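Q: First, the structure itself, so that you have it in front of you.
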Amino acid sequence: PGLRAVAAVALQRIPGDAGLAALREAVEDPSFEVRANAALALATRGDSAGVSVLRDLIARDTYEQERGRDAAKFAEARRISESRVAAIDALARLRRPEDRATLAALADKESDLAVREAAMKALEGWN
């Protein structure tokens with residue numbers, strides 16, 4: 001999965017439909033890291049095909065499930081926080097009205113201050 005995860009990041013630089021098609025396919029990959037990188041790359045390109053993966057990246061229980069598969073995965077709280085912040089930034093970039101409530105809840109009640117701050121920043125200027 002490591003090489004596929006890196007490839008998903010590289011695909012965001014391929015212009016046109018070929019890169020988008022490959023990223024959309026990658027959000028269905030069995031590897032969490034590949035799906036995550038593909039969803040983040042799609043959002044960077046303004047494509048919402050990976051929104052369900054972005055929502056998974058925001059959810060704390062996703063990381064518990066991944067650690068259940070591999071205890072070394074996401075063992076550091078900092079890494080989890082960084083992943084969640086990246087997903088918040090990606091959702092903010094897409095500005096989908098249906099994601100506003102999720103971000104508002106994080107801005108209001110999230111205990112991870114970096115995540116909470118990212119959600120508050122994401123909501124700035126959002127009508």
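The values are calculated or read from the model by the stated rules, or taken from the named source; none is laboratory data. The structure presented is a predicted model; accordingly, all values stated were derived computationally and were not measured. FYI the Cβ positions are ideal-geometry reconstructions off the backbone, even for glycines, and counts take in every protein chain you see. For the accessible areas, the whole protein counts, side chains as well, though only heavy atoms, and no ligand, DNA or RNA atoms are used. Shrake-Rupley method; radii C 1.70, N 1.55, O 1.52, S 1.80 Å.
Q: Name the residue that is modelled with the lowest pLDDT, counting only residues in the stretch 38-74 that are outside any helix (DSSP H, G or I) and of a type in the set (Asp, Glu).
A: Across the stretch 38-74, the extreme among qualifying residues is ASP70.
Q: Restricting attention to the stretch 50-84, which residues are within 9 Å of the chain's Cα centre (by Cα), open to solvent by less than 80 Å² (accessible area, probe 1.4 Å) and not polar (S, T, N, Q)?
A: Answer for the stretch 50-84, where residues must be within 9 Å of the chain's Cα centre (by Cα), open to solvent by less than 80 Å² (accessible area, probe 1.4 Å) and not polar (S, T, N, Q): GLY50, VAL51, VAL53, LEU54, ASP56, LEU57, ILE58, ARG84.
Q: Go through (1) free of Cβ contacts under 8 Å to residues at least 24 places away in the same chain; (2) touching a Lys or Arg at 6+ places or on another chain (Cβ under 7 Å) and name the single condition GLU76 misses.
A: In the conditions (1) free of Cβ contacts under 8 Å to residues at least 24 places away in the same chain; (2) touching a Lys or Arg at 6+ places or on another chain (Cβ under 7 Å), GLU76 misses (2) alone.
Q: Working only within the stretch 69-127, note down all residues that are of a type outside the set (A, V, I, L, M, F, W, C), under 10 Å from ILE58 (Cβ atoms) and in contact with a Phe, Trp or Tyr (Cβ under 9 Å, 6 or more places away or on another chain).
A: Result: SER83, ARG84.
Q: State yes or no: is ARG93 open to solvent by 60 Å² or more (accessible area, probe 1.4 Å), part of a helix (DSSP H, G or I) and not aromatic (Phe, Trp, Tyr)? Spell out the reasoning first.
A: Details: open to solvent by 60 Å² or more (accessible area, probe 1.4 Å): yes; part of a helix (DSSP H, G or I): yes; not aromatic (Phe, Trp, Tyr): yes.
When the stated conditions are applied, ARG93 passes them.
Q: Also, I was wondering about something else. Of everything in the stretch 99-127, what is open to solvent by 100 Å² or more (accessible area, probe 1.4 Å) and modelled with pLDDT under 95? Give them in sequence order.
A: Matches in the stretch 99-127: GLU124, ASN127.
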